[in-house]
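The values are calculated or read from the model by the stated rules, or taken from the named source; none is laboratory data. Because the structure is a prediction, the values reported are computed rather than measured. Every residue, glycine as well, gets a Cβ built from its backbone with ideal geometry; the counts of neighbours run over all protein chains shown. Protein only, heavy atoms only, side chains kept; ligands, DNA and RNA dropped before computing areas. Shrake-Rupley method; radii C 1.70, N 1.55, O 1.52, S 1.80 Å.
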Amino acid sequence: MAIIGGGVAGLSLAAELAELDGRMVERSGGLRPELRIVLLERENQFAYHSTGRSIAAFSESLGSPEQRALARAAHAILDALGAESGTPLLRARPLVWVAGPDHLGALNDLLTANPSLRVVDPAAAQTLCPALRLEATARAAVERTAQDVDVDALQQQYRDRATAAGAVLRTAVGLESGVWNPARAEWTVTTDRGELTVARIVNAAGAWADAVAARLEVPVAGLTSYRRTVAIAAADGIGPGWPLVVDVANRYYFRPERGGLLICAADETPSPPTDAVAAPQDVSVALERVTAATTLRLERVRTSWAGLRTFAPDRNPILGPDPKQDGFYWFAGLGGTGIQTAPALARLAAAQLLGEPFEIPGLRAEKLLPR
Ligand SMILES: Cc1cc2nc3c(=O)[nH]c(=O)nc-3n(C[C@H](O)[C@H](O)[C@H](O)COP(=O)(O)OP(=O)(O)OC[C@H]3O[C@@H](n4cnc5c(N)ncnc54)[C@H](O)[C@@H]3O)c2cc1C
């Protein structure tokens, strides 16, 4: 099996697949042959694109019912992985959702999506984040179960586990093309480093997932990538324990970060798959909006970066076998919640690929199938 892409999707799957396969081989008393798993990452390092550029937040209120079910399942998985390795992957950081007077409907929608949110008045929100401007906040809700994710440790743990369980992870090897041989039920895959033969390809190529499908003459999924820019601005008086503050109308978010305040205008600019670069105009908008929402004087922008968030037309992840092409499985379209959903998606994908039963409470997995 070849997994294409070494972001959180590909790495989490390599680990889950190799470990599940190992357990199945053991269960069979060694009668079942071991699965050969090769992950190919085109860049010189893993997690170079979207995975290395997220803001590493974990919230069970985001996205569709499917994404929320996946996040709830992933929470337990990440807690367990952290406890097993002795390196916690999650650290509690409350999330304060703020609504201006015109956006109380959006706050209500959020409360319906996540009934564990606690509504607070602006003054109570201000005790959590003293820089919040009272006049800009009509109502707020606190998400106590929100977390920061240690993304470096997460991808390192998945790499270690995958390798320990026998998967081969390669950087600087890009898939170029491939031909399906129906008689032998196998792909001949051409990379920039040579050819390999595999029975199945998993497409975990992030923003390039449609391009990978096209190179293999598989119908594309209709993914769209959007650039998002994030910056860290210097300011006095930032408390390291402040929450992540998110505007329910999706105009900005901010939280403390080493060196200042991480700010973002929650921008979504359509982009072709590329090595995304921060857009100065999006940094300016973020500065303007966060300044209006707080009493902070945001001074110098210390650093900024951008990454791509890639969505299917219905904005759910795509997970499952391609309906038209044998030997081709999709793990793509992770959008803006890939860090927090990949651990659960990978466990589900590994079970599906190896024919094991596995259910995620509250998830209708058929909603994720490629069409
Ligand atoms: C600014 C920003 C903030 C975000 N914040 C959060 C957050 O707080 N919480 C959250 O859960 N998510 C967040 N996300 C979303 C999250 O980062 C993504 O959903 C996730 O990283 C996608 O992972 P991936 O593995 O699908 O893609 P990627 O990490 O992009 O990995 C895909 C890999 O495939 C490789 N590849 C492509 N083509 C080929 C080929 N032909 N051969 C070999 N390799 C190939 C690429 O080089 C790349 O490394 C954020 C994203 C952005 C941009």
Go through the range 31-49 and give me each residue that's in contact (Cβ under 8 Å) with a residue 40 or more places away in the chain, more than 23 Å from ALA349 (Cα to Cα) and more than 6 Å from the ligand (Cβ to nearest atom).
ASN44, GLN45
Kindly provide the set of residues from the range 203-222 that are within 11 Å of the ligand (Cβ to nearest atom) and either of a type in the set (Ser, Thr, Tyr) or open to solvent by less than 30 Å² (accessible area, probe 1.4 Å) (or both), ordered by number.
ASN203, ALA204, ALA205, ALA207, ALA209, ASP210, VAL212, ALA213, LEU216
Pick from the range 94-136, criterion among the polar types (S, T, N, Q) and in contact (Cβ under 8 Å) with a residue 40 or more places away in the chain, ranking: most open to solvent (accessible area, probe 1.4 Å)
SER116
Scan the range 224-242 and tell me whether some residue there is closer than 17 Å to THR269 by Cα and part of a loop (DSSP other than H, G, I, E, B).
no
Give ARG315, ARG309, ARG302 a once-over and let me know the one that is open to solvent by 20 Å² or more (accessible area, probe 1.4 Å) and in contact with an Asp or Glu (Cβ under 9 Å, 6 or more places away or on another chain).
ARG309
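So, in the range 68-93, of the ones that are of a type outside the set (A, V, I, L, M, F, W, C) and within 27 Å of LEU132 (Cβ to Cβ), which residue ends up surrounded by the fewest Cβ atoms within 10 Å (Cβ to Cβ)?
Only one residue fits best here, namely ARG91.
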Exactly one of (1) over 21 Å from LEU11 (Cβ atoms); (2) within 15 Å of the ligand (Cβ to nearest atom); (3) in the same structural domain as SER59 (by TED's automatic domain parsing) is unmet by TYR329. Its number?
(1)
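If you check ASP314 against the conditions, is it farther than 29 Å from ARG68 by Cα and in a loop (DSSP other than H, G, I, E, B)?
Working: farther than 29 Å from ARG68 by Cα: no; in a loop (DSSP other than H, G, I, E, B): yes.
Judged against the criteria, ASP314 is not a match.
Consider THR51 carefully, then state whether it is more than 30 Å from ALA292 (Cβ to Cβ) and open to solvent by less than 20 Å² (accessible area, probe 1.4 Å).
Working: more than 30 Å from ALA292 (Cβ to Cβ): yes; open to solvent by less than 20 Å² (accessible area, probe 1.4 Å): yes.
Judged against the criteria, THR51 is a match.
Would you confirm, using the coordinates I've provided, whether ARG68 is part of a helix (DSSP H, G or I), out of contact with any Cys (no Cβ under 9 Å at 6 or more places or on another chain) and among the basic types (Lys, Arg)? Step through it out loud before you land on a result.
Details: part of a helix (DSSP H, G or I): yes; out of contact with any Cys (no Cβ under 9 Å at 6 or more places or on another chain): yes; among the basic types (Lys, Arg): yes.
Yes.
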Would you check if LEU107 is closer than 16 Å to ALA249 by Cα, of a type outside the set (Val, Ile, Thr) and out of contact with any Ser or Thr (no Cβ under 6 Å at 6 or more places or on another chain)?
yes
Subset tally (residues that are more than 17 Å from ARG364 (Cβ to Cβ) and buried (at least 23 other Cβ atoms within 10 Å of the Cβ)) for the range 318-327:
0
Between GLY6, GLY22, GLY52, which is modelled with pLDDT of 95 or more, within 16 Å of the ligand (Cβ to nearest atom) and outside any loop (DSSP other than H, G, I, E, B)?
GLY52
Matching residues, the range 335-371, being more than 10 Å from LEU70 (Cβ to Cβ), among the hydrophobic types (A, V, I, L, M, F, W, C) and in a loop (DSSP other than H, G, I, E, B):
PHE358, LEU369
When you go through SER28, SER64 one by one, which is the residue that is more than 13 Å from the ligand (Cβ to nearest atom), in contact (Cβ under 8 Å) with a residue 40 or more places away in the chain and among the small types (Gly, Ala, Ser)?
SER64
